[in-house]
Every structure is written in C-alpha cells, then in structure tokens.
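The values are calculated or read from the model by the stated rules, or taken from the named source; none is laboratory data. Please read all numbers here as calculations on a predicted model, not as lab measurements. Cβ placement follows ideal geometry from the backbone for every residue including glycine, while neighbour counts extend to all protein chains displayed. Side chains are part of the model used for accessible areas, which takes the heavy atoms of the whole protein and leaves out ligands, DNA and RNA. Shrake-Rupley method; radii C 1.70, N 1.55, O 1.52, S 1.80 Å.
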Amino acid sequence: NSEPFSKLTFSNSGTQASKEEKNYSGSDHLESLEDIEDLVQFAKSHEDDSFASWSAAAVSRIIAPLLNLPPEHWPLQSRRVELLGIFPVDDEDSTPENQNFIEGPLAEYIDTWDNVGENCLWQANVTYSIKHILNVIASMIHKAIKDWTHSEIESAVQVLGGGPSIEAAGASNEELRDWGVFVEKWEAFVYKNPAILRRVDPFYVIIDVFGAAPPAALAGALAAFPPAGSAFPGPGAGLNGSSYILPFARLEHATYFVGYIQLACPGLRAWVTKNIVAPLHL
C-alpha cells in the first residue's frame, strides 16, 4: 500500500530501483538517482526543516529524465516524483518550463497515482472523532506553520485524508476552538503545497435531491455507474454512507458523472465542490 509523497526510505542501495520498478519496461535509467545523489542527501538531512524548498535548478535536475516523456511512460510510482514532493517548489525561483511541467504532466501523473483506486486516502470511508484527530495534531495546533515537522504533516495527512466526515457530536467548546485554529493554518499550508493538497482534497458531487423525492431512474443510474467502456472511475465512498454526496479524484471525473446522471434523469441538478478538510458531523 504505497503512500505517494511519503518520506523516502534512504539506504545504502537508495540509488537502485526496486525489483518491481526494474520489471517496468525501460524504467531503470529513469529511476536511478545517481546523478542527483546530492539532492537525495539534502532531502535526507532536511526532512524536518519546514523552511526547505526545491530551487528551480534542483527541480530541473530531478525531472530531467521525465521531461520529454508522456506520464504513461514514467515508472510506476516514480522515485524522482516522490523526491520532488518532499519539499515545496520555490515559486519565486521557478522557471516557466518547470511550472508548465508541474501543472501539466506532473499533475496528471500525481492524480493517477494518488487519487484513483482503492488505496486513495479519502476513499477509506473511515469517520474519525474530532477527539482522535485533535490528539494526532495536538503538537501542530499552536505552532507556527513554519515549525511543523515532516512527520507531523504526514500524520495530519493520514488522519485528515482518511474519511468523508469528522464525528464532532459532543465536542466541547475548547475542542471546537482548537479545531478552528488548526483548520485556518492547515488550509493556508495545503494551498501552498500542491503535493499535499492532491492527497486530501477531492471534488464532491452533491446531487440535488434534498427536499424532494429522488427521480425514479436515479437509483438504477447510480448502480450502473461507471458504464461499460468508460475511461473514468466511479466515486469514492459517499459522505456518511449517502448515495447523493460523492467524492471524485478529478474535476473531469465529477463532471462526467454529473452528465451521466443528467442523461438518465433530465432536469436533475448537482453541485460540484471541493473540501480541504472533511465537514464536521455535529
């Protein structure tokens, strides 16, 4: 069960591709990190440094073997992409070539790796209590964002990306206040770190059936999605088991789904929205 952008495991054989990666046709030369060993060592020695970021020159070196290849020809769960995701990219130092790569092929690749399939964090359908989450993030709540460590951030990603809602019934005013302090910081942080954002930020489709009986054809349409031959995956687990509030990895997946159910149920409306953190269930 791979976790994209998790901390790299460095060892004496760290510059060698794994057996699984070597079985991927043509991946050996793309996965060798020998040419960027100094960057690997930098990542290892600065993994808990909240100020660390990749310069444009470092980004160019990391992505060089991938630059002229379409994402479908990249190695499965590329170690170069994982290395790139350890630190944010310095926006002020970024080059147009690097930015185009990050917003284009890299974003496409991360979406495929990170958000599609049964191992996607937000498809886990686990509803944590706010007390449990506050215990996990306790050390982050009253820290400045710049002082958050890599391990703290990873722990937050795991617990915040793990379910469609947060059980907050019975939470005290102090707990809700601490949660509000954290969420404000967390939203500011993830918007500046796209690798983190993609791990915890699905698109939600909300089918507008509230206050009215669902169309008769809707249940059948939902059960039959995705249709045979579709290139788009189905949604993750519905919000608290709902059949009408459904998460999708990418906007085009969500809008395709809306178009599909509207063909089956003419006149049906839906909202598409994004959530940085799951809603509280009070």
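Brief remarks on what is shown
- Check on Asp35, within 23 Å of Glu154 (Cβ to Cβ), modelled with pLDDT of 65 or more and surrounded by fewer than 16 Cβ atoms within 10 Å (Cβ to Cβ): no
- A Cβ distance below 7 Å, combined with a sequence gap of six or more or placement on separate chains, defines the contacts here; from region 34-55, residues that are among the charged types (D, E, K, R) reach residues that are open to solvent by 60 Å² or more (accessible area, probe 1.4 Å) and in a loop (DSSP other than H, G, I, E, B) in the pairs Glu47/Lys7.
- Identity of the residue in region 78-128, charged (D, E, K, R) and outside any helix (DSSP H, G or I), that ends up modelled with the highest pLDDT: Asp90
- Residues of region 144-167 classified as part of a loop (DSSP other than H, G, I, E, B) and either at pLDDT below 85 or surrounded by fewer than 16 Cβ atoms within 10 Å (Cβ to Cβ) (or both), total: 7
- Of all the numbered requirements in (1) modelled with pLDDT of 90 or more; (2) farther than 21 Å from Leu268 by Cβ, Ala219 misses one, and that requirement is (2).
- One residue alone among Val181, Val136, Val209 is closer than 29 Å to Tyr244 by Cα and either buried (at least 20 other Cβ atoms within 10 Å of the Cβ) or not polar (S, T, N, Q) (or both), and that residue is Val209.
- Candidates Val209, Val272 - the one that is modelled with pLDDT of 80 or more, within 27 Å of the chain's Cα centre (by Cα) and among the β-branched types (Val, Ile, Thr): Val272
- Filter result for Arg199 (buried (at least 16 other Cβ atoms within 10 Å of the Cβ), touching a residue at least 24 places away in the same chain (Cβ under 8 Å) and among the basic types (Lys, Arg)): yes
- Some residue of region 219-241 being touching a residue at least 40 places away in the same chain (Cβ under 8 Å), out of contact with any Leu (no Cβ under 7 Å at 6 or more places or on another chain) and farther than 30 Å from Glu154 by Cα: yes
- So Pro233, is it at pLDDT below 85, of a type outside the set (Asp, Glu), open to solvent by less than 50 Å² (accessible area, probe 1.4 Å) and over 26 Å from Met140 (Cβ atoms): yes
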